[in-house]
Amino acid sequence: MPCSLKFLLPAMILAGSVAALAQSQPRVYPGLGTPLSQADIQSFDRMIGPEGKELPPGRGTAKEGAAIFAKRCEICHGKGTNEENGLLRSLVIGSPGKPYRGAFYGEERNGPSYYPYATIAWDYINRAMPPSNPGSLAPNDVYAVVAFLYYWNGIIKENDVMDEKTLPKVVMPNRNGFVPAVPVYPPEKKPSWY
Amino acid sequence: MNSNRSSRRRFLKQTAALAGVATGAGLAVRGQSAQAQHLHGELPRRGARYTIDHMTHYTPLQDYAGIITPASLHFMQQHSSEFPEIDVRQHRLTIHGLVDRPLSFTVEELKQLPSVSRIHFLECHGNSSPAIHGAGDPNLGLPVQFIHGMTSCSEWTGVPLSVLLKEAGLQKEASWLVSEGGDAGKFSHTLPLAKAMEDVIVAYGQNGEPLRVEQGYPVRLVVPGWEAPFSVKYLTHVKVVDQPYMAWNESMNHSVTRPDLRDKARWYHFQFGPKSVVTRPSAGLEMLRGYAQITGLAWSGAGVINKVEVSTDGGGSWKEAKRHAPVLPRAHTRFTFDWAWDGQEAVIQSRCTDEAGEVQPSLAELSKDWGMHLEDWKKTPRPRAIHFNAIQPWKIARDGSISDAMFA
């Protein structure tokens, strides 16, 4: 705890001072720009943070995900699981019940075992996959594909249901594999580009 | 038609003569006729690489002078296999999240707000990657192009992002942003709010013309001095948030595992360190005896370049090069150094010092800082590295051929 406070405190102080610069001032150019309603924002906001607050309702399991993967993902990522050839090999490291815990220098980085938060794969698949028609997977499909990948990577059990409540609670095996533990700006270490 | 053809012939003849004058001493393109060399000089070509999910253009650093990269030659890294077709009248930029007044702007409205024009470099975080040394092909141009050509420099015109954020009114919890593009994959990236309030531009103009589609038409972010993935193209949404939002790019794709961090990965890279490269003479060109101008570019995310030094004896001794105006913060700076080649083997290289006092490191110094050994670079494939700013040595052989000596 003292450790994470040490990282967070400078960021919080900075955040306060920066926001104060722009806060509570009247508009300078009131004729420009159109106000957005909450409904407007909900219609386009697909950015999912690490706490998963914006995740839409839905559910899926590894078994359902296998069918969707075969239909929508296999054409590029390859057929089968980590025991067969195909690009899926690079999406899977470790095996059911045995998550891979590093190190991640090469191909190991390609799959979700490397990701620090369970929400990242959901957000990325939802926004960018499949490349031929990004955004065409329904929320249930995305939950199912994520469950499928997490099961074969040994991160969840075969019958675990992934939904907007359970997904953010999945603790990723590489959660503590990043430096700094909590990203801060400005960076603590100088020079920053090391 | 006929007159067009003959005027083109006349133009070629005239410029061929000029090219002969310009390159008669000092440098030639190895193994190519004077005519081919001239054509290469007349029409610098971007190198291009297309894969299933990436399109990359490399700037022909060896072929241009000054510090402004023509928009058509600006490097590009597209995380998608196609360019979006965006109707500028339909395009909207929204500012939402932790703000008092969520707003949507048309491109026309953005152009009515106070504007700035600033000259800044952009650079891919993976530019100069150890992996691409020696891995070129004929479509990618000369080594200085495909190794270091993912940096370019332009005059960017647009509205400061801080103006838009003030219009929306930041709430007190606001500390980070996450921005999103209108390309097929809806590229997203996190940005600290402090940087957004400092100097980030929502750009609609590049070198005096509207952005080109490769560069994010109709609007993009330009985040000066920082790795280019922050500079989201086809900008559609800026969401103000209270924590790093862990988009796939910065939290996964652009993180790097490092031995000095006990096999943990460094993530959330921001600013670039000092970097320079000799663009002429460089690998693939041929040295001729006598006077030779050594020229190149230097830049740093920290601000202006205070000093550029050149060595012609493999780093044994260094002399200061001339920096040419304008020398601008977070922009390419052109340098030149007068030299005469005596026909003996030589290794030429440049290093720069930025306004923060940081000096561009040698490969040995950089390796030490990252907990690596020089031997590690001999592995196949070479270790992955980003923000790679080691000094670039070019080796000149007695026959005048020039090669890449980074890992030699």
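Brief remarks on what is shown
- Residue in the stretch B:44-65 that is modelled with pLDDT of 95 or more and acidic (Asp, Glu) present: no
- Looking only at the stretch B:112-126, and only at residues there that are within 14 Å of chain A (Cβ to nearest Cβ) and buried (at least 18 other Cβ atoms within 10 Å of the Cβ), the one that is farthest from B:LEU170 (Cα to Cα): B:GLY126
Matching residues to (1) at pLDDT 95 or above; (2) more than 25 Å from B:THR190 (Cα to Cα); (3) surrounded by 18 or more Cβ atoms within 10 Å (Cβ to Cβ):
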position: B:GLU108; (1), (2), (3): yes, yes, no
position: B:ALA131; (1), (2), (3): no, yes, no
position: B:ALA168; (1), (2), (3): yes, no, yes
position: B:TRP176; (1), (2), (3): yes, no, yes
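- Beta carbons closer than 6 Å, at least 6 apart along the sequence or on distinct chains, pair a first residue in the stretch B:354-375 that is more than 16 Å from B:ALA408 (Cβ to Cβ) with a second that is basic (Lys, Arg) and in a loop (DSSP other than H, G, I, E, B) for B:TRP370/B:ARG258.
- Per the listing A:VAL142, A:VAL92, the residue uniquely at pLDDT below 90, more than 23 Å from B:ARG258 (Cβ to Cβ) and within 17 Å of the chain's Cα centre (by Cα) is A:VAL92.
- Filter result for the condition that a residue is β-branched (Val, Ile, Thr), surrounded by fewer than 22 Cβ atoms within 10 Å (Cβ to Cβ) and within 14 Å of chain B (Cβ to nearest Cβ), over A:VAL179, A:VAL171: A:VAL179
- Yes/no for B:ALA184 being within 8 Å of chain A (Cβ to nearest Cβ) and either more than 17 Å from B:LEU103 (Cα to Cα) or assigned to a helix (DSSP H, G or I) (or both): yes
- So A:SER132, is it part of a loop (DSSP other than H, G, I, E, B) and on the phi < 0 side of the Ramachandran plot: yes
- Of all residues making up the stretch B:270-308, the number that are within 14 Å of another protein chain (Cβ to nearest Cβ) and either more than 19 Å from the chain's Cα centre (by Cα) or of a type in the set (S, T, N, Q) (or both): 2
- When A:GLY102 is tested against (1) of a type outside the set (Val, Ile, Thr); (2) touching a Gly at 6+ places or on another chain (Cβ under 7 Å); (3) within 23 Å of B:TYR245 (Cα to Cα); (4) at the interface with another protein chain (Cβ under 10 Å from one of its Cβ atoms), exactly one condition is not met: (3).
- The stretch B:73-114: number of residues that are farther than 27 Å from B:SER162 by Cβ, among the hydroxyl-bearing types (Ser, Thr, Tyr) and touching a Ser or Thr at 6+ places or on another chain (Cβ under 9 Å): 1
- Pair list, Cβ < 7 Å and 6+ apart or interchain, from the stretch A:121-136 residues that are more than 7 Å from chain B (Cβ to nearest Cβ) and polar (S, T, N, Q) to residues that are surrounded by 15 or more Cβ atoms within 10 Å (Cβ to Cβ) and part of a helix (DSSP H, G or I): A:ASN126/A:VAL142
- If only residues of the stretch B:187-221 that are closer than 28 Å to A:VAL184 by Cβ and in contact with a Gly (Cβ under 7 Å, 6 or more places away or on another chain) are counted, the one that is nearest to the other protein chains (Cβ to nearest Cβ) is B:PHE187.
- Note on the stretch B:230-250: among residues that are in a helix (DSSP H, G or I) and surrounded by fewer than 24 Cβ atoms within 10 Å (Cβ to Cβ), the one that is nearest to the other protein chains (Cβ to nearest Cβ) is B:TRP248.
- Residues in the stretch A:158-168 that are touching a Leu at 6+ places or on another chain (Cβ under 7 Å) and away from chain B (no Cβ under 14 Å): A:GLU164 alone.
- Odd one out for B:ALA298, checked against (1) touching a strand residue (DSSP E or B) at 6+ places or on another chain (Cβ under 6 Å); (2) closer than 28 Å to B:GLY181 by Cβ: (2)
- Test result for A:ALA118, touching a residue at least 40 places away in the same chain (Cβ under 8 Å), under 26 Å from B:LEU177 (Cα atoms) and touching a Cys at 6+ places or on another chain (Cβ under 8 Å): no
- Taken together, the residues in the stretch B:151-175 that are small (Gly, Ala, Ser) and in a strand (DSSP E or B) amount to 3.
- Scanning the stretch B:285-326 for residues that are in a loop (DSSP other than H, G, I, E, B) and of a type in the set (Val, Ile, Thr) turns up B:VAL304, B:THR312.
- Against the conditions (1) modelled with pLDDT of 95 or more; (2) part of a loop (DSSP other than H, G, I, E, B); (3) not small (Gly, Ala, Ser), A:PRO168 satisfies every one except (2).
- For the stretch A:51-65, the count of residues that are away from every other protein chain (no Cβ under 14 Å), more than 18 Å from the chain's Cα centre (by Cα) and more than 28 Å from B:ALA131 (Cβ to Cβ) is nonzero.
- In the stretch B:304-316, residue farthest from B:ALA228 (Cα to Cα) [restricted to those that are of a type outside the set (Val, Ile, Thr) and in contact with a strand residue (DSSP E or B) (Cβ under 6 Å, 6 or more places away or on another chain)]: B:GLY314
- Top-ranked residue in the stretch B:251-261 [being in a loop (DSSP other than H, G, I, E, B) and within 9 Å of another protein chain (Cβ to nearest Cβ); ranked as surrounded by the most Cβ atoms within 10 Å (Cβ to Cβ)]: B:SER255
- Residue match in the stretch B:359-375 (condition: within 11 Å of chain A (Cβ to nearest Cβ), among the β-branched types (Val, Ile, Thr) and either crowded, with 18+ Cβ neighbours inside 10 Å or within 22 Å of B:ASN253 (Cβ to Cβ) (or both)): no
The values are calculated or read from the model by the stated rules, or taken from the named source; none is laboratory data. On a predicted model such as this, the values are computed, not experimentally measured, just so you know. When we count neighbours, we look across all protein chains shown, and the Cβ atoms used for this are built from the backbone with ideal geometry, even at glycine.
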